[in-house]
Amino acid sequence: MAASPGVSSASDAVQASSHAAPSAEPVEETIETRGIEPVPDNERRGRARELFPTWVATNISVLLLTMGAGLVVFNGLNFWQVLFAAALAGTLSFGLVGLLAVSGKWGGAPGAMLSRATFGVRGNYFPGMILWVARFGWETINAVTGAYAVLTVLDLLFGVQSNTPLIVVTLLAFVGVTFLVSGMGRKVLHICNTWSTYLFGLFTVLVLVYLVGTMDWGAVFSKPAGGTAMLIAGIGTIAAGGISWIPTGPDFARYLPHSVSGKSIFGVTISGALLALVPMVLMGGVVSFQSPALAKTNDPVSFLGDALPLWLAVPYLLIALIGMVLINSLSMYSAGFTAQTMGVRLPRASAVSINAVISLVGGLLLMLVAKSFYGSFISFLSLLAVSFSAWVGVYGIDMLRRRNRAVRYHPEGLLDLSPTSRYWYKGGYCWQAMTAWGFALLLGLGFTKVDWFTGPFVSTWIGENGLGWAATALVAAVLFAVLPAPREQDGTEQDGTGQAAAGRGGLSERA
């Protein structure tokens, strides 16, 4: 199989640069040019806290307001249940993001690239393709929401009503800005995320103060509690958004030094996500008491013009718009790596253009053709959670087996697509990982019900409570754990846990 551009010489380059003198501190370029090749040790710097703005920015989205409203209108939850659902869902999903992000520090490569070590250099194409397609859907949803935000601001300020030509122009502008920002790379994204975090925090406090002073809190707190099944399903709905970021976690931790604590990466990821996620979901739930149509509207943004005064609605929408641009930029940034891993022979910034075009076309269909934005969004989230959870279960067990430094990721093996690759396994496939992933994925779909698909197991307790994603991850993990441990092509014997026998008792590095 032919290697991607630059792969033929990348192995030597990585090997040489990893032995460079520690004092050789290259100046980091404003526009990132590194692709999927692992980051050598001499280019790694920073602290875990630098990831904090990234995970705040991933949750600056008015979609969370819509989801919070859905918990009240469709799931029948009260204030305290919405708060509990948001906090628990954010902790569970972004806790997994933080845990698996540690592998980026270990291997210095994007998650889609490290996945080659799990599934094999050929086997990785199968889960990689599904993850890539899921990225298309997520970017389309965000692009549509961003375009609606622009249309709402134009309506509030200038009275310009939405029409088809304006929809096309706003969507094109949103996708274009997203493409430019994501193409510049990690450093620019970090700067933008930091400032958006400050601005978002300021205006969120203002919105909360306004709601505290104007809401009928007697009506809010008098609402009876919803059923346990609806609470569990609501937790799953909110968690699905966080689960979609799990394969992306390593992409942002790959530049951190080995000395950075894995616990710090885990803690920063959760705290950053919860800082934005919980208030957004809770605000959506509270606003829905006055505007229940929020959960049913085809436009998930315009309600803010009715719920907030003009002086607050416009700047808040603009900040949210910036947040949505960054969310999509972060997603497209990682999608570029996925495209390269899948064999797209383009630099990362150029590979991003594929996702930009698809999100533009999909966005037009969703805005001009689809009958229900919320229905389409929830259907997408349900399928997204299952498809990502199957990968998470297998990848997580493989990562646990690499706790010892002796069996961590090898740059040369990740870049080598030939039968000599360390991760060639059997014909380029790790059959144990592929079996666990494929079986869990099919089982998870069986528990899933969306607008146009109903699995055969939706009437079971797992299906009725919306726990198909959790069952998928658990089954994938257990099955991969009990199957014979894969053997990498380096002549190293492995014990029953998948760890190298030669590495037992050897030098280990803190997680």
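The values are calculated or read from the model by the stated rules, or taken from the named source; none is laboratory data. Predicted model only: the values in this text are computed from it and were never measured. No Cβ is skipped: glycine too gets one built from the backbone with ideal geometry, and neighbour counts run over all protein chains shown. All accessible areas refer to the heavy atoms of the entire protein, side chains included, with ligands and DNA or RNA removed. Shrake-Rupley method; radii C 1.70, N 1.55, O 1.52, S 1.80 Å.
Could you check, for the range 307-320, whether at least one of its residues is among the β-branched types (Val, Ile, Thr) and outside any helix (DSSP H, G or I)?
Within the range 307-320, not a single residue is among the β-branched types (Val, Ile, Thr) and outside any helix (DSSP H, G or I).
Does VAL209 satisfy the criteria of being in a helix (DSSP H, G or I), over 23 Å from ILE378 (Cβ atoms) and aliphatic (A, V, I, L, M)?
yes
Pick from PHE174, PHE179: which is open to solvent by less than 20 Å² (accessible area, probe 1.4 Å), among the aromatic types (Phe, Trp, Tyr) and within 20 Å of the chain's Cα centre (by Cα)?
Sole residue among the options that is open to solvent by less than 20 Å² (accessible area, probe 1.4 Å), among the aromatic types (Phe, Trp, Tyr) and within 20 Å of the chain's Cα centre (by Cα): PHE174.
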Could you run through the range 198-227 and say how many residues are within 30 Å of VAL386 (Cα to Cα) and either open to solvent by less than 30 Å² (accessible area, probe 1.4 Å) or without any contact (Cβ under 8 Å) to a residue 12 or more places away in the chain (or both)? 1
(1) within 24 Å of the chain's Cα centre (by Cα); (2) open to solvent by 30 Å² or more (accessible area, probe 1.4 Å) all hold for ALA440 apart from (2)
Inside the range 124-140, can you point out the residues that are more than 13 Å from MET332 (Cβ to Cβ) and crowded, with 24+ Cβ neighbours inside 10 Å? ASN124, PRO127, LEU131
What number goes with the only condition from (1) at pLDDT below 90; (2) buried (at least 19 other Cβ atoms within 10 Å of the Cβ) that TYR409 does not pass? (1)
Filter the range 67-108 for residues that are more than 16 Å from GLY226 (Cβ to Cβ) and touching a Lys or Arg at 6+ places or on another chain (Cβ under 6 Å); which is most open to solvent (accessible area, probe 1.4 Å)? TRP106
Taking SER259, is it part of a helix (DSSP H, G or I), closer than 27 Å to GLY108 by Cα and not acidic (Asp, Glu)? no
Of all residues in the range 435-454, count the ones that are assigned to a helix (DSSP H, G or I) and of a type outside the set (A, V, I, L, M). 6
All but one of (1) within 28 Å of PRO347 (Cα to Cα); (2) buried (at least 22 other Cβ atoms within 10 Å of the Cβ); (3) of a type outside the set (D, E, K, R) hold for LEU189; which doesn't? (2)
Any idea how many residues of the range 141-165 are β-branched (Val, Ile, Thr) and more than 20 Å from LEU317 (Cβ to Cβ)? 1
Condition first: part of a loop (DSSP other than H, G, I, E, B), touching a residue at least 24 places away in the same chain (Cβ under 8 Å), open to solvent by 60 Å² or more (accessible area, probe 1.4 Å) and of a type in the set (Asp, Glu). Can you find one or more residues in the range 413-421 that meet it? no
Checking LEU384, LEU310, LEU326, LEU360 in turn, the sole residue that is at pLDDT 80 or above, under 30 Å from SER115 (Cα atoms) and open to solvent by 20 Å² or more (accessible area, probe 1.4 Å) turns out to be LEU360
Pairs, please: C-beta under 6 Å, at least 6 apart or cross-chain, first residue on the phi > 0 side of the Ramachandran plot and in the range 457-480, second of a type in the set (Gly, Ala, Ser)? GLY466/ALA233; GLY466/GLY236
Could you check the range 39-58 and list, in sequence order, the residues that are modelled with pLDDT under 90 and surrounded by 24 or more Cβ atoms within 10 Å (Cβ to Cβ)? ALA57, THR58
Out of (1) assigned to a loop (DSSP other than H, G, I, E, B); (2) aromatic (Phe, Trp, Tyr); (3) open to solvent by less than 20 Å² (accessible area, probe 1.4 Å), what's the single condition that is false for PHE480? (1)
Could you tell me which of the residues GLY111, GLY123 is small (Gly, Ala, Ser), touching a residue at least 40 places away in the same chain (Cβ under 8 Å) and under 16 Å from THR248 (Cβ atoms)? GLY111
Report, by residue number, each residue of the range 110-123 that is of a type in the set (Gly, Ala, Ser) and under 17 Å from VAL344 (Cα atoms). GLY111, ALA112, SER115, GLY123
